[in-house]
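Below: the structure, in structure tokens.
Please treat every number below as a calculation from the coordinates, not as lab data. Everything quoted here is computed from the prediction, not taken from an experiment. Note that each Cβ is placed from the backbone with ideal geometry, even for glycine, and that neighbours are counted across all protein chains shown.
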Amino acid sequence: MKRFLFILTLLLFSPGACLLAQLSEGGIPRSAAVLKSAPLKEVRMPFVSNDMLRWQHQPPEEGLLKPLTFAHSFQVNISPLLHGNWSRSSDGWWIWQVTISSQGAFSLNLLFEKITLPPGARLFLFSPDQSKIIGAFTARTISESTLFATEPLEGESLVVQYEIPAPPGKDPDFVISTVNHDFLGILKYTDIRRPMGITAGDCNTDIRCKAGDKWNPLDNSVCRVMILGKELCTGTLMNNTAQDKKPYILTANHCINTPLKAAGTLFLFNYESPYCGSIDGDVTNSLSGSRLKATFDSLDFSLVELTTPPPPALRPYYAGWNRGLTPSDTMACIHHPQGDIKKIAIDYEKPVKSTFLSSFVNGAFWKILRWEYGTTEIGSSGGPLFNKSGQLTGTLSGGAAACGNPVDDYFARFDLAWNYKSDSARQLKHWLDPVGTNPQSFSGKQYNSGEQFCSVFNHLMADDVHQLVKTGNPSGGWWSGTNKDGITEIAEKFKLSGGEKLQGVYLGVGKKFQANSANNSYITLRVYNLKGNSPVFLAEKDSVLLKNLASNAMNYIRFNTPPTPADSFLIAVTLGNVRQGDSLILYQTLRPAGSLNTFWMKRNESWVRFPEVEPSKKSGSLVMEILACNVGGPQTDTVYYNQKFPVLVWPNPAVSRFSIQTADDFEVDRVAVYNLRGQMIRCEIIRKYPRHLEFNLSGHPSGIYLIRLENGGKIETAKVMLVSQ
């Protein structure tokens, strides 16, 4: 994939602002001259009741379709010719500004029509205090677009700023045609970035849990789909027989069924927790706009082509497909229920052919009788149905499935969508088989390699619990945040093969507090190479304002210039510029003494490992994930510590009791302990968690013992030394 000439501003911070999300060129808006006689003009939307809108858009009854509506649309005609103010900047640019407000909105997003930006022009959206900024959008980031959708910006007011180097012409360069008023709270003022501030039902399974391991990196093909700034569905990035990386997205017809909707859709990739613990994911990997290629209402499918191909940092996977008539006995749907972080539903029985609703073709659906893991909900519409080979066989239309009753979901059959209609605008074959081989099935693929092969890395394990842990100092403070214990930097240790380029860091922010937003508290990221146990400074990321970090969520911070660390290095967060009265705490894990520790800190000007200062000598990791490119070798995406170290033993040496933790589930009756003479010994074994056992070897002599685990024909072993008290 060709390297982009513009910047993927996933989340680029500076001391003055937070630059968010969509593909843009970043930068800070120019300062316009303040005209005392002409205050910034405001366009207010008519009042609407959030309570009434929520009542009108209640979740559908059983058996109906599963999109999620979260916003009310106002049709407007706002343009630089009719509204707002023109002024000049100190460097001579012409600047147009207008404020748009809708009372009670949790967030606002806009649709632009007839948008044609001249060379050099820049378009921004920002909050009135400029604490949140989207843009800059330019002619290079808005390509071939007659309709341009923006992501939601929290709050009930936003400012649109347009900057051009020459005086404006007679015809406007764009028209704002729609203002979308968020009545559910998809962003929330509290920065909880989920609809209504809630998660999907508790029965849903995070994609990063054990049940989702088999489907990695296939899950990177699935994205959240926001249509015209008001509805949420799910879509899948599809492979084609030419293998030319054309970015086709397959979803439901009832989600996208017109060129207007296709053009005004945002596609959000990688929205997920970093591990099997429900932390809200990062929301910065969105691409705006697509072109409708094929759609058919009677089979409920639509195929669109993204106007901007997914860059390597999104780790795109192009899903394969199967149009056979014999489904496999294991099926999975990866989806975004309630618009929440990515989930997976799994059925271990074959689906059956079925009919769904009278408006659709008879027998055109695969019916899931009952999900063994998870379910689907509103927002899951368009989600893929994968067979056990990881090939798409259908897309979700609707059904009765919900937590407490995960039965009867209906997926539009891929084999019928293939060529049920001969018209290329109502079939998939023309687009997904451009070479004309007409295969029964086709494999998925991750095309990026070399410098463009990117992966994420963390040290979180299945049985971990992310938490905030106080230091125990009577004056207060946190191990992984602001404190009075002399801790000025907190860091996570990583070990890679070397040569990787760090694109950015995801921080799991637990809590933040600001007594006064004018404090301008900030943090910085630092990279240290490790020589033995001695950190050596390598690079630093510019300031990140505290007020721009979201609590209880992963926050992506991008390096302007990707550093290339040594094979062992620290990613550190500085705390020295968090002002008095403000606080920031990252999530961390706590593990028993002797187990994996990757949490380091700079305390009283000296670097120490967490167990060296924690009173009980416990271990842990920060909830931190790095995005690196030029990764050599891995064929999977997220790389967990427990994939490299299948069995952990602690404490080791042990007096009588010790524990083990494994990467995979296992049965207790397949676990045995042997002495060095090869004799199996009797001991008490207590299951703590699915992958955590405690052993009691009381009464056995000191020495080395072997633990043997068998799971599905695979054997893992570990050693423990028993010592006298």
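Given Cα positions, please report Rg to Rh for the range 199-442, the hydrodynamic radius being the Kirkwood one.
0.93
Calculate the dipole size of the range 260-374 relative to its Cα centre from +1 charges on Lys and Arg beta carbons and -1 charges on Asp and Glu beta carbons; express the result in debye to the nearest 20.
The calculation lands at about 340 debye.
Positive end of the charge dipole of the chain (Lys, Arg +1 and Asp, Glu -1 on Cβ, about the Cα centre): tell me which of Gln679, Leu530, Ser698 has its Cα farthest that way.
Leu530
If one computes the Cα centroid of the range 71-93 and of the range 375-432, what distance in Å separates the two points?
What the calculation gives is 42 Å, centre to centre.
Grab every C-alpha pair in the chain, bin the distances at 10 angstrom width from 0 up to the longest one, and report whole percents.
It works out to 3, 14, 23, 25, 20, 11, 4, 1, 0, 0, in whole percents.
Let me spell out the model: positive unit charges on the Cβ of Lys and Arg, negative unit charges on the Cβ of Asp and Glu, origin at the Cα centre of the range 462-571. What dipole size does that give, in debye rounded to 20?
Approximately 220 debye in magnitude.
Counting each DSSP H run of 4 or more residues in the chain as -39500 (n - 2.57), what helix-only mean residue ellipticity at 222 nm follows after dividing by all residues, to the nearest 500 deg cm²/dmol?
Mean residue ellipticity, 222 nm, calculated: -1000 deg cm²/dmol.
Semi-axes of the range 533-598's equivalent ellipsoid from the Cα gyration tensor, sqrt of 5 times each eigenvalue, largest first, rounded to whole Å?
23, 20, 13
Once you place label points 7 Å from the Cα toward the Cβ at Ala518 and Ser497, how far apart are they in nm?
It works out to 5.4 nm between the two label points.
Under a point-charge model restricted to the Cβ atoms of Lys and Arg (+1) and Asp and Glu (-1), what is the dipole moment magnitude of the chain relative to its Cα centre, in debye to the nearest 20?
Rounded to the nearest 20 debye, it is 1020 debye.
Using +1 at the Cβ of each Lys and Arg and -1 at the Cβ of each Asp and Glu in the chain, identify which of Pro562, Val456, Ile115 lies farthest towards the dipole's positive end.
Pro562
Which residue, chosen from Ser278, Ser424, Ile378, occupies the Cα position most advanced towards the positive end of the dipole of the chain, where the dipole is computed from +1 (Lys, Arg) and -1 (Asp, Glu) charges on Cβ about the Cα centre?
Result: Ser278.
Please compute the modelled spin-label separation between Ser359 and Gln440, points set 7 Å along Cα→Cβ, answer in nm with one decimal.
Distance between label points: 3.5 nm.
Using amide H atoms built in the peptide plane, which far-off residues or other-chain residues are under 5 Å from Ser302 H to H?
It is Thr251, Ala252, Asn253, by chain and number.
Please compute the Kirkwood hydrodynamic radius of the range 369-508 from all pairs of different C-alpha atoms, in Å with one decimal.
21.0
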